[in-house]
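Note sheet for the following structure.
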Amino acid sequence: MIHFEQELKKFAIDLDKKQIEKEMMAGKSQEVQNSPVQQNKVDQVIKRYRLAVNYCQTNSYDLAYIQIKKVVRLLPEHVDAQLLAALVCIHEGKQEQARQAIEQVLKLDSNNETAHLYMEELTVKPEPEEVQVTAEAEQPEGKAEKAEQPALRKKAKKAAPKKTVTPVKTANGNDYEEVTSNKKSFIYLGIGFLIGVVAMFVLVLPTARNSVKNEYVSEADNYKDQLTAKDTEIKSLKEELSNAQADTKAAKEEVQKYKNGDESLIKAANYYNSNNKSEAAKALAGIDESVLNDEEKTLYEKIKSATFDKTTASILFSEGKAHFDDAKYKSAIEELSAAIEADDTNPSYYYWLGRAYEEKGQTKSAKEKFNELIEKFPTSNQAKDAQKRLDGMSSKSSDSTKEDSATTSTTEKTN
């Protein structure tokens with residue numbers, strides 16, 4: 001005879017996560033094994049196994065059967081899961097399902113003692129009732145019949161109901177009512193029925209309600225876990241899409257760089273052939289040498305050596321300064337950048353390029369040019385002016401921060 005409380009102690013330890021992963025991931029690719037969905041399935045199996053054990057310990061074997069059935073479907077070759085399923089099925093009278101679980105265990109481990117114990121529990125037959133031999137049965141038929149007749153009459157006489165008279169006063173106080181034992185039986189039966197109804201409402205219905213509630217809670221948790229897994233998968237897909245879009249954007253920019261390099265080089269060659277050195281130098285200034293092939297680099301170096309000189313740089317600077325004075329800061333930035341490409345020894349070029357960036361609102365680029373000027377030409381007048389511009393930018397930034405703080409404080413007081 002199985003003692004279920006003792007047997008449950010064998011399953012108190014949680015499943016080994018690494019072993020479960022090994023069984024569930026067998027034959028699957030590395031990508032599938034590392035996916036959040038598969039990891040969630042492993043966690044769900046361990047959780048359902050723990051729930052099944054907990055339900056058994058609270059004597060809710062019907063709920064335990066629901067959970068362990070899902071576990072063995074995902075882990076058909078796990079011995080402990082199959083044994084727990086067999087134990088639950090034995091308790092619930094599901095003998096065929098219990099037998100199938102035990103046979104599965106014996107296929108995996110033919111010497112498993114627990115499996116043999118459970119199989120013996122299934123094969124035990126009820127003991128036959130003992131046959132009592134009476135003295136009458138040993139007698140010959142004729143004598144037995146004669147002996148039975150007076151015995152039967154005596155038995156019937158004893159079994160005849162006796163009337164009991166219970167005196168009960170009526171309303172006028174003079175008469176008595178006769179109450180038989182049959183009436184008493186009906187009264188007792190009614191009382192027993194009422195007690196049964198009360199017991200059902202007090203004991204049975206709350207237990208059944210809690211059982212259904214626990215099942216719904218378990219299913220709700222399951223759906224919640226599934227939604228969490230779906231959200232994780234969707235988030236992962238979104239990240240992959242974002243990365244793919246970033247890669248596509250980078251590839252497009254790379255292609256555009258090659259395209260711009262080719263176009264600018266052709267433009268520079270045309271200006272060079274037309275003997276317009278300043279425009280040729282300006283076209284070369286926007287080319288990234290890394291995107292050019294060997295033949296294009298040769299042409300680039302030829303035009304650069306012929307156009308990048310102090311004369312061309314001076315022309316470009318004059319044009320850039322004129323654009324700055326006309327508040328055409330974009331054109332000024334192009335001309336002044338080309339001037340520095342042609343001749344990087346003049347501090348005025350750096351200063352006015354920084355000023356153009358500053359007026360256009362590109363403060364970061366302006367600071368970079370001013371700092372580059374101070375580093376390359378620290379003793380120049382332009383470097384001193386650049387430092388003043390940087391100090392002014394820092395002061396403006398500090399004042400802006402204070403104003404924002406004051407505005408926030410005023411707003412908070414108002415609210």
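Structure notes:
- Residue match in the range 280-291 (condition: farther than 30 Å from Asn40 by Cα, at pLDDT 85 or above and part of a helix (DSSP H, G or I)): no
Results for (1) farther than 17 Å from Ala268 by Cα; (2) among the aromatic types (Phe, Trp, Tyr), shown as yes or no for each residue.
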| position | (1), (2) |
| --- | --- |
| Tyr300 | no, yes |
| Ile303 | no, no |
| Asp309 | no, no |
| Leu316 | no, no |
| Phe324 | yes, yes |
| Lys328 | yes, no |
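- Note on the range 348-399: among residues that are touching a residue at least 24 places away in the same chain (Cβ under 8 Å) and among the basic types (Lys, Arg), the one that is farthest from Phe324 (Cα to Cα) is Lys376.
- For the range 84-115, a residue qualifies if it is charged (D, E, K, R), more than 21 Å from Ile13 (Cβ to Cβ) and part of a helix (DSSP H, G or I), and the qualifying residues are Glu92, Glu96, Arg99, Glu103, Lys107.
- Qualifying residue in the range 341-351 (condition: out of contact with any His (no Cβ under 6 Å at 6 or more places or on another chain) and more than 17 Å from Gln382 (Cβ to Cβ)): yes
- A single member of His91, His78, His116 is crowded, with 16+ Cβ neighbours inside 10 Å, over 25 Å from Val212 (Cα atoms), in the same structural domain as Val53 (by TED's automatic domain parsing) and of a type outside the set (Lys, Arg), and it is His78.
- When Thr345 is tested against (1) assigned to a helix (DSSP H, G or I); (2) exposed (fewer than 14 other Cβ atoms within 10 Å of the Cβ); (3) of a type in the set (S, T, N, Q), only condition (1) is not met.
- For Met1, the conditions (1) touching a residue at least 24 places away in the same chain (Cβ under 8 Å); (2) more than 17 Å from Gln104 (Cβ to Cβ); (3) buried (at least 16 other Cβ atoms within 10 Å of the Cβ) all hold with the exception of (3).
- Scan of the range 1-48 for residues that are among the polar types (S, T, N, Q), part of a helix (DSSP H, G or I) and out of contact with any Asp or Glu (no Cβ under 7 Å at 6 or more places or on another chain), ordered by number: Gln6, Gln19, Gln30, Gln33, Gln38, Gln39
- Within the set Asn54, Asn59, the sole residue that is outside any helix (DSSP H, G or I), within 17 Å of Ser211 (Cα to Cα) and of a type outside the set (Ser, Thr, Tyr) turns out to be Asn59.
The values are calculated or read from the model by the stated rules, or taken from the named source; none is laboratory data. These numbers were taken from a predicted model, which means no experiment stands behind them. Please note: Cβ atoms are built from the backbone with ideal geometry, for glycine as well, and neighbour counts cover all protein chains shown.
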